[in-house]
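Note sheet for the following structure.
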Amino acid sequence: MGEETMKKLFPILLVVAAFLVVPACGGGGGGGGGGGPELTSNYVFESYDTPLGIPDYNFSGVWSEINVSGFAGSIAKVTVQVNISHTWLEDLTLYLFSPTGTGIILAYYVGLDGNNFNGTIFNDAATTPIVNGSAPFKGVYIPDEPLWTFNGENPAGTWYLVVVDDYPEDVGTLNWWKLGLD
């Protein structure tokens, strides 16, 4: 599936998903975010189009990309690190898409009225699911959907992190993100 097709279908899929889930509640306080553990992988790629504002109550969200090249072979493991400043994290959904169009949900409806992902790492080998963590998220967590979904794919091309704020009142920024490949 191509980039333009994904961008066209994504808002439609989110509207459908909105009818299948309970919407998050707005509110919350302020604050920034930083620090956190380091992402360790054989190959680490960083976003160069960040920071990006996360549009409030917008089901298209903000799209950030990382272009992957120079990786020989197919994927054996994916890890992701994010730094997001946002009040009332429960408003956010984080998606990751590979160049082939495969997508997963990293985090949905987590953090309640807490703030920020502070260098949060998503790793299937972590011990705590993100849904059982608490904000500010600073550590290593199992994502809502498994990163091993990407195993075996050719990672070359553009990867997307999509951050959607699905409830009004709170705004934030996708400060940066990294993609780890083994």
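The values are calculated or read from the model by the stated rules, or taken from the named source; none is laboratory data. What you see is a predicted model, and the numbers here were worked out from it, not measured in a lab. So basically every Cβ, Gly included, is an ideal-geometry build from the backbone, and we count neighbours across all protein chains shown.
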Cβ-Cβ under 6 Å pairs, at least 6 apart or on other chains, the range 53-72 side in contact (Cβ under 8 Å) with a residue 60 or more places away in the chain, far side among the polar types (S, T, N, Q) and assigned to a loop (DSSP other than H, G, I, E, B): S64/S47; S64/T50; I66/S47
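Quick check, is L89 in contact with a strand residue (DSSP E or B) (Cβ under 8 Å, 6 or more places away or on another chain), buried (at least 20 other Cβ atoms within 10 Å of the Cβ) and closer than 16 Å to K178 by Cα? It would help to see each step written out before you state the result.
On the way: in contact with a strand residue (DSSP E or B) (Cβ under 8 Å, 6 or more places away or on another chain): yes; buried (at least 20 other Cβ atoms within 10 Å of the Cβ): yes; closer than 16 Å to K178 by Cα: no.
Answer is no for this residue.
Might you check whether a residue that is at pLDDT 50 or above, farther than 17 Å from S98 by Cβ and surrounded by 13 or more Cβ atoms within 10 Å (Cβ to Cβ) occurs anywhere in the range 24-36?
Looking only at the range 24-36, we keep the residues that are at pLDDT 50 or above, and these are 35-36.
With the extra rule that they be farther than 17 Å from S98 by Cβ, the set shrinks to 35-36.
Filter once more, so that each one left must be surrounded by 13 or more Cβ atoms within 10 Å (Cβ to Cβ): 36.
Scanning the range 24-36 turns up at least one residue that is at pLDDT 50 or above, farther than 17 Å from S98 by Cβ and surrounded by 13 or more Cβ atoms within 10 Å (Cβ to Cβ).
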Residues being under 12 Å from the mean Cα position of the chain (by Cα) and among the polar types (S, T, N, Q) - total across the range 99-122: 1
Inter-residue pairs, beta-carbon under 6 Å, first over 26 Å from T40 (Cα atoms) and in contact (Cβ under 8 Å) with a residue 40 or more places away in the chain and in the range 156-182, second surrounded by fewer than 20 Cβ atoms within 10 Å (Cβ to Cβ) and among the small types (G, A, S), 6+ apart: Y167/G26; P168/G26; E169/G26; D170/G26
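Give the residues of the range 138-181 that are part of a strand (DSSP E or B), among the hydroxyl-bearing types (S, T, Y) and touching a Gly at 6+ places or on another chain (Cβ under 9 Å), sorted by residue number.
Keep residues of the range 138-181 that are part of a strand (DSSP E or B), which gives 140-142, 157-165, 172-181.
Adding the requirement that they be among the hydroxyl-bearing types (S, T, Y) leaves 141, 158, 160, 173.
The answer is Y141, Y160, T173.
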